[in-house]
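The values are calculated or read from the model by the stated rules, or taken from the named source; none is laboratory data. Just so you know, these numbers come straight off a predicted model, no measurement behind them. Don't worry about glycine lacking a Cβ; one is built from the backbone with ideal geometry, like all the others, and counts go over all protein chains shown.
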Amino acid sequence: MGGVSDISLSALKYLMLFDIRPKEKRSDLFNYEKEYAQLMAGARDRNTPVIAITGLRRTGKTSLLKICFNEIHSRKAYLDARMLGNSDKEVAENIIAALAKDDIFAKIIGRVGAVSLAGATLSISASSHRLIDILAKIDKDGGMAIFIDEAQLLKRTQFDSVVAYCYDNLRQIKFVLSGSEIGVLDGFLGRDDETAPLFGRAVETVHLAPLPSEKSVLFLKEGMREAGKKCSDEDIAFAVSMLDGIAGWLAMFGWHVSKGVQPKKAVDTVFAEGSRLIKKEVEGFLAARAGAKGRYMRILSFVAKESAAWNEIKTHLERKENGKINDKQLAKYLQALCDYGFMVKKDERYTVPDPVFRHFLA
């Protein structure tokens, strides 16, 4: 990424940088022009069957997905995996229902009857086999792009088998995926898992990093200008130092200031409101791990204070729990926390990268 001088303010048109909902127009895009260009090129390339948008939570993945969807002038469908169900049957039926809302796809769906599973090689439901038949017809009829947000949720439904089949056999069916749980999305894509349906298949990855400090300053200054609000350089620098380049938190800060909240109070409000959002996310993560809840929280609280190496985390836990911890168990805990985007591992050290998350854990 270039510095502030690389951006032509007159060339970029900002409508509402402080809109706290996902952006949908290219004119609302800030900074991620390189990533946008990469995503659009992949979406238009017939030799790129699967694209994944990755990055920390609240860095703008859904916004980039929606903007690309709206900019692509070809047959397409946008799906939110949170609304698709918990089994491959439900997912397939809901995707078929979504496609049927488009007259062109409805005609194709009408030509695909019940599916016979005789000789079927994929261990998926009849509904998924029917979806594959429908996508095969669409493929012969010109193809389409399927955009799926929160795609990591589909890991538990065997939908990765459907994507793998399309990857291998349907050249004009493309998937553009985004997910907030980085490692879980990697699991769906079959990275490092030889048993996964998508293992070994090349995936174009578009990664969104947090904004560097100079871009964060520019984001807030442009947003304030757009909102017609004055905010001193000192207050902007303070907000950037506290919110650390996470676009979602910066937009929330700017939104509150645009509503008349004093800047320092707005930062406090972001920490308070953000902590409530994070509490729900952590509770959802721990709900399926109730037996190890205390251990997960001890790991997060320790790492949130400062980055820590594997052996430092183990020593801390053993001291806190007054007992030995199995290495394989600890590795599983750390991997799960990284998979869900709560921690990251860099240079053999673990950190909690989100400043609001660190505040929540303090």
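Residues that are within 21 Å of Ala251 (Cα to Cα), at pLDDT below 90, surrounded by 21 or more Cβ atoms within 10 Å (Cβ to Cβ) and not assigned by TED's automatic domain parsing to the domain that holds Arg225: does the stretch 49-56 have at least one?
Narrowing the stretch 49-56 to residues within 21 Å of Ala251 (Cα to Cα): 53-56.
With at pLDDT below 90 added as a condition, the list becomes none.
No.
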Discussion item. Considering only residues that are in contact with a strand residue (DSSP E or B) (Cβ under 6 Å, 6 or more places away or on another chain) and either among the acidic types (Asp, Glu) or assigned to a strand (DSSP E or B) (or both), which ones fall in the stretch 70-88?
Written reply: Lys76, Ala77, Tyr78, Leu79, Asp80
Discussion item. All but one of (1) surrounded by fewer than 17 Cβ atoms within 10 Å (Cβ to Cβ); (2) at negative phi hold for Gly248; state the number of the condition that does not hold.
Written reply: (1)
Item to complete: May I ask you to list the residues in the stretch 42-53 that are more than 26 Å from Glu222 (Cβ to Cβ) and in contact with a Ser or Thr (Cβ under 9 Å, 6 or more places away or on another chain)?
Response: Gly42, Ala43, Arg44, Ile51, Ala52
Item to complete: Could you tell me whether any residue of the stretch 315-330 is buried (at least 17 other Cβ atoms within 10 Å of the Cβ), in a helix (DSSP H, G or I), among the aliphatic types (A, V, I, L, M) and modelled with pLDDT of 95 or more?
Response: yes
Worksheet item: Say we look at the stretch 147-165 and pick out the residues that are closer than 20 Å to Ile72 by Cβ and of a type outside the set (Phe, Trp, Tyr); which of these is farthest from the chain's Cα centre (by Cα)?
Response: Val163
Worksheet entry | Pick from the stretch 60-106, criterion among the hydroxyl-bearing types (Ser, Thr, Tyr) and modelled with pLDDT under 95, ranking: surrounded by the fewest Cβ atoms within 10 Å (Cβ to Cβ) | Ser74
